[in-house]
Structure formats: structure tokens, C-alpha cells
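Participant: Please read through the structure below; I'll follow up with questions.
The values are calculated or read from the model by the stated rules, or taken from the named source; none is laboratory data. Please read these numbers as outputs of a predicted model, since none were measured by experiment. Cβ atoms come from the backbone with ideal geometry, glycine included; neighbour counts cover every protein chain shown. The protein model used for the area step is the full one, side chains on, heavy atoms only, and it has no ligands, DNA or RNA in it. Shrake-Rupley method; radii C 1.70, N 1.55, O 1.52, S 1.80 Å.
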Amino acid sequence: MGFVMLLVVGVYLVAGNLVNGVASGSRGLAKGAVPAAYKSLVQKWGNLCPALSPALLAAQLYQESGWNPTVVSPADARGIAQFIPSTWATHGIDGNGDGKRDIWDPDDAIPSAASYDCELAKYVKDVPGNVSDNMLAAYNAGAYRVIRAGGIPAISETQNYVKRIRSLEKSFAAPVSRIDPSRQAAGAIAFAQSRLGTPYLWGGNGTAEQGGRFDCSGLTKAAYEKVGIDLPRVANDQYNAGPHPSRDQLLPGDLVFFSDDLTDSRAIRHVGIYVGGGYMIDAPRTGAVIRFDPIDTPDYFGATRVTEDGAKALPTRV
């Protein structure tokens with residue numbers, strides 16, 4: 001344990017001297033980021049036109065529905081791609097070739113979302129600026145407003161929509177180059193280290209009423225909140241707070257995740273904060289205390305390098 005404590009001190013001091021960054025783009029998908037049931041659809045239809053990519057389509061679907069094919073919004077937007085029925089009537093397609101256009105069927109809705117995106121990209125292809133940004137703006141505000149504004153219109157909802165999805169895209173893309181380290185890592189590790197030995201509490205957020213106790217995602221949320229980054233409350237949403245380094249690229253401060261289904265990030269059930277040397281600090285289970293644990297177990301799912309933009313992009317309702 002003394003060795004691990006020295007290891008933590010060394011690695012998080014190094015991490016504190018590094019700068020924040022994100023991965024380069026990719027037309028591939030990060031491991032497990034898209035539920036297995038939809039991965040092949042997103043990979044295929046995300047390459048429908050140059051303005052779209054699998055990661056961009058995945059980010060849009062996650063933002064719209066959190067991969068829930070049965071959700072209905074207050075505005076009556078329906079299904080995994082959140083089509084309003086009037087828009088579906090015009091732009092929905094029979095993606096699986098069964099002779100029906102079903103707004104509730106992801107096999108139709110996901111291809112329809114891609115098709116609609118690419119149709120909008122054609123409308124705005126001559127507008128100054130990035131065509132993918134303008135495509136997303138047209139999805140939110142309408143192509144006419146984008147054309148009239150000569151780019152993303154000065155509408156805060158539309159500007160935020162574009163920024164959120166472009167930031168979230170990095171969480172779904174398979175990195176093709178080095179992912180820069182996070183400058184907030186040292187502070188997050190320091191917070192987690194200060195809670196070593198604290199008893200676990202399911203649903204614990206570390207409040208005074210709870211005796212300062214945490215569960216796994218409550219600890220990671222509090223650790224990054226300490227350095228100014230607001231993460232979602234549950235582990236499977238925290239997975240989307242930034243790009244995903246491979247096991248051999250892990251750095252102190254990365255969040256590490258565990259699941260019984262290694263193909264689906266929505267099935268993640270545990271999270272910890274990596275500290276180096278194959279160890280994490282985590283709140284493991286009822287009856288245990290916050291402690292160091294090894295990460296190399298059969299249920300290791302993957303990791304996320306938390307970024308400010310990635311955390312801000314996460315929808316609050318998934």
C-alpha cells in the first residue's frame with residue numbers, strides 16, 4: 001500500500017503539469033460507445049455522405065434520445081432519432097426494406113436520421129463555414145435560416161446544439177492519434193485520495209447527512225466537480241465525457257469503467273479514477289471502503305479522458 005501511495009503522489013503531480021486536449025477525429029467508432037444492437041447501423045449510415053460520420057451520427061442520436069427507442073419528448077418527438085411526426089412523414093425512409101416506415105423502429109429511424117442530415121448538408125453546401133456544423137444548425141433551426149445567416153445563425157439554442165454535438169462526437173470516435181492529457185487530473189486524484197478509507201454508501205454523494213460517504217459514480221462526480229467539471233451522476237453517462245484512451249495509453253485521472261457486457265456502454269456498472277501502475281481509487285461496494293483496486297479484471301470495459309467540453313456536452317435527460 002505504501003508503494004501505491006508513492007505512485008499516486010508521483011503520477012498526479014506529473015498529471016498536474018499537463019494540458020487539456022482531445023483526440024483527433026475518426027470515421028470509426030470507439031469500443032462499446034454505441035450499443036451493439038445499433039453499432040452496425042450507425043457505422044453504415046454514418047458514412048452516407050462526407051458531411052456525416054459514424055461518430056457524429058452517434059453523438060446526435062445520443063443527444064436526442066440516449067439510445068432509447070421508445071422515448072417521446074414534450075414536443076412529441078418520437079423514438080431513437082426523435083422525429084416529429086410531420087418531419088417523419090416527409091423524411092422518414094424504409095431503412096430495412098420491409099415495406100414499412102416505422103418511426104419507432106431503429107432500423108428505419110437511424111437510416112432516416114442519416115438521410116435527413118445528408119439532405120440538409122446538400123441544402124447548405126454553398127454556405128460559408130464548416131458544412132457539418134451548418135448541417136447540424138439546419139437540423140436544429142432549418143436550412144433557410146442557415147442560408148440566410150450565411151452560417152450558423154445567431155440563435156443560442158442552435159449554437160449550443162452544434163457545439164454540444166461536435167464536442168460529444170469525440171466521445172464516440174475511435175481515436176487515431178495520441179489523446180492529450182487532462183490538466184484537471186491532479187486535482188481529481190487528490191480529492192479521491194483524500195477520501196481513502198471512507199465507507200461505501202449506495203447512492204452516496206458525500207453530503208454531511210450521508211457522513212461524507214460515496215458510491216462509485218458519486219465519488220468520481222465529486223472528484224471532478226472539485227476541479228470545476230460537472231459530470232452526470234451515473235457511470236454509464238460519465239463514459240461519454242471525453243475521448244477513450246486504450247489500456248496502454250492510460251494516464252492518471254482517466255476514468256476507468258467496468259461492465260458485464262463489454263459491447264455496450266449503457267451496461268456499465270462501475271467506475272473508478274485511474275492513478276497509474278494498473279491501479280484505481282474506487283468506492284467498490286456495500287461493506288467496503290474507498291480504496292485502491294487493480295483495473296485489470298475480466299470486466300474492464302474501457303476508459304475516458306474527461307474534458308470540460310465533453311462533460312458540458314452531455315445531455316441531462318439520458
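Participant: So in region 279-297, with the set limited to residues that are charged (D, E, K, R) and open to solvent by less than 40 Å² (accessible area, probe 1.4 Å), which one is nearest to residue 185 (Cα to Cα)?
Facilitator: Out of the qualifying residues, it is 282.
Participant: I need a count of the residues in region 36-47 that are surrounded by fewer than 18 Cβ atoms within 10 Å (Cβ to Cβ) and in a loop (DSSP other than H, G, I, E, B).
Facilitator: Result for region 36-47: 1.
Participant: Step by step: first the residues of region 258-278, then only those that are among the polar types (S, T, N, Q) and at pLDDT below 95, then the one that is least open to solvent (accessible area, probe 1.4 Å). Which residue is that?
Facilitator: The residue in question is 265.
Participant: Just for region 213-257: of the residues that are of a type in the set (S, T, N, Q) and in contact with a strand residue (DSSP E or B) (Cβ under 7 Å, 6 or more places away or on another chain), which one is most open to solvent (accessible area, probe 1.4 Å)?
Facilitator: Applying the first criterion (of a type in the set (S, T, N, Q)) to region 213-257 yields 217, 220, 236, 238, 240, 246, 249.
With the extra rule that they be in contact with a strand residue (DSSP E or B) (Cβ under 7 Å, 6 or more places away or on another chain), the set shrinks to 217, 220, 236, 238.
Values: 217: 10, 220: 1, 236: 29, 238: 0 Å².
Per the stated criteria, the residue is 236.
Conditions tested, residue by residue: (1) in contact with a Gly (Cβ under 9 Å, 6 or more places away or on another chain); (2) open to solvent by 20 Å² or more (accessible area, probe 1.4 Å); (3) over 15 Å from residue 48 (Cβ atoms); (4) in contact (Cβ under 8 Å) with a residue 24 or more places away in the chain.
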| site | (1), (2), (3), (4) |
| --- | --- |
| 134 | yes, no, yes, no |
| 145 | no, yes, yes, no |
| 151 | yes, no, yes, yes |
| 162 | no, no, yes, yes |
| 166 | no, yes, yes, yes |
| 169 | yes, yes, yes, yes |
| 172 | no, no, yes, yes |
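Participant: Looking only at region 112-128, decide whether some residue is surrounded by 23 or more Cβ atoms within 10 Å (Cβ to Cβ), out of contact with any Leu (no Cβ under 6 Å at 6 or more places or on another chain) and under 19 Å from residue 69 (Cβ atoms).
Facilitator: yes
Participant: How many residues does region 52-102 hold that are open to solvent by 20 Å² or more (accessible area, probe 1.4 Å) and among the aliphatic types (A, V, I, L, M)?
Facilitator: 6
Participant: For region 186-210, enumerate the residues that are among the small types (Gly, Ala, Ser) and either surrounded by fewer than 18 Cβ atoms within 10 Å (Cβ to Cβ) or out of contact with any Gly (no Cβ under 6 Å at 6 or more places or on another chain) (or both).
Facilitator: Scanning region 186-210 gives 187, 190, 192, 194, 197, 203, 208.
Participant: How about region 48-72: which of its residues are under 13 Å from residue 110 (Cβ atoms) and free of Cβ contacts under 8 Å to residues at least 60 places away in the same chain?
Facilitator: 61, 64, 69
Participant: Taking region 294-318, which residues are at pLDDT 95 or above and over 12 Å from the mean Cα position of the chain (by Cα)?
Facilitator: If the condition is that a residue be at pLDDT 95 or above and over 12 Å from the mean Cα position of the chain (by Cα), then 294, 295, 296, 297, 298, 299, 300, 301, 302 are the ones that fit.
Participant: Which ones in region 298-308 are surrounded by fewer than 24 Cβ atoms within 10 Å (Cβ to Cβ) and within 17 Å of residue 58 (Cβ to Cβ)?
Facilitator: The one that is surrounded by fewer than 24 Cβ atoms within 10 Å (Cβ to Cβ) and within 17 Å of residue 58 (Cβ to Cβ): 302.
Participant: Same structure, new question: Is it the case that residue 183 is surrounded by fewer than 24 Cβ atoms within 10 Å (Cβ to Cβ) and not in a loop (DSSP other than H, G, I, E, B)?
Facilitator: Considered against the rule, which asks whether it is surrounded by fewer than 24 Cβ atoms within 10 Å (Cβ to Cβ) and not in a loop (DSSP other than H, G, I, E, B), residue 183 comes out as no.
Participant: Name the residues in region 114-131 that are polar (S, T, N, Q) and more than 19 Å from residue 91 (Cα to Cα), would you? Break it down into steps so the answer makes sense when it comes.
Facilitator: Our first condition is that a residue be polar (S, T, N, Q); within region 114-131, this holds for 115, 130.
Residue satisfying the conditions is 130 alone.
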